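One structure is given below, encoded as structure tokens.
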Amino acid sequence: MPRFTEKRYQTHVILAMLLYVAVMLLAWPLARGTTSLPLKILLALLPALPMLYVIGLMVRRVRDSDELQQRTHLIALGASTAVVGVASLVGGFLAASGVVHLDGSILTWVFPMMLISYYAAQWWVARHYGNDPSCDGSDGGIPLRWRLLILAVLTGLGAWFAYLRHDALDIGMAIGMGVSVACFALVRGFIYLRRSPVQPDR
């Protein structure tokens with residue numbers, strides 16, 4: 001079996017995310033309009049399939065890594081579980097008391113929030129151990145600029161479809177994706193500028 005390289009992992013994740021966005025934009029909205037219960041269930045659960053594949057990729061990546069990397073992944077997973085757990089607890093209490101009004105669609109943000117906090121914690125832990133996680137493609141992975149470009153294109157597609165359909169949920173998802181991409185790009189830009197060597201005055 002060939003080694004599961006970082007580039008292979010990133011390529012498979014990007015393809016899965018492309019499929020996820022395509023399903024969310026083209027197939028999933030049909031679930032609200034169909035009257036057939038089996039078809040409604042199938043269309044409603046279709047976006048979960050690419051996410052289950054991504055989870056499988058993450059499990060394989062952790063399994064094939066060395067002990068230090070496994071420790072890094074374990075700490076990052078614990079941190080992301082804590083972040084999502086606390087956010088869910090606070091949101092649940094606020095919703096139960098009537099302070100905020102949340103519907104079931106908020107649950108679609110649990111997994112993306114867990115992924116974001118997982119990668120942020122993994123980056124921090126890797127830096128703590130003196131490693132630089134693969135964010136610039138130096139280990140054979142896909143360069144960060146291309147990953148950000150793909151995220152920007154996916155966000156643009158989501159925003160365009162939301163505009164065409166005038167759907168509040170789609171618009172909210174497009175805004176959330178856009179803000180997430182922008183925040184990630186700003187953080188990475190700040191880190192890059194801090195690492196850049198200061199040029200001497202001439």
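Between region 16-66 and region 86-106, the C-alpha centres lie 24 angstrom from each other.
Given His12, Ser36, Gly98, which one lies farthest toward the positive end of the charge dipole of region 1-100, if we put +1 on the Cβ of every Lys and Arg and -1 on the Cβ of every Asp and Glu? Result: Ser36.
The label point for Leu52 and the one for Thr11, both projected 7 Å from the Cα toward the Cβ, are 2.5 nm apart. Modelled spin labels at Ile106 and Gln70, positioned 7 Å past Cα toward Cβ, are 3.8 nm from each other.
In this simple spin-label approximation, Leu149 and Ala120 carry label points 7 Å from Cα along the Cα→Cβ vector, and these lie 2.8 nm apart. The overall shape of region 1-81 is prolate: from the C-alpha gyration tensor, with semi-axes ordered a ≥ b ≥ c, the ratio a/c is 1.5 or greater and a/b exceeds b/c.
The chymotrypsin sites (Phe, Trp or Tyr not before Pro) of region 102-133 that meet both conditions, a loop assignment by DSSP and at most 13 other Cβ atoms within 10 Å of the site Cβ, are Tyr129.
Each reported figure results from applying straightforward, stated rules to the coordinates on display, with no laboratory input. If you're wondering where the values come from, they're calculated on a predicted model, not measured in any experiment. Here the Cβ is made from the backbone with ideal geometry for all residues, glycine too, and neighbour counts use every protein chain on show.
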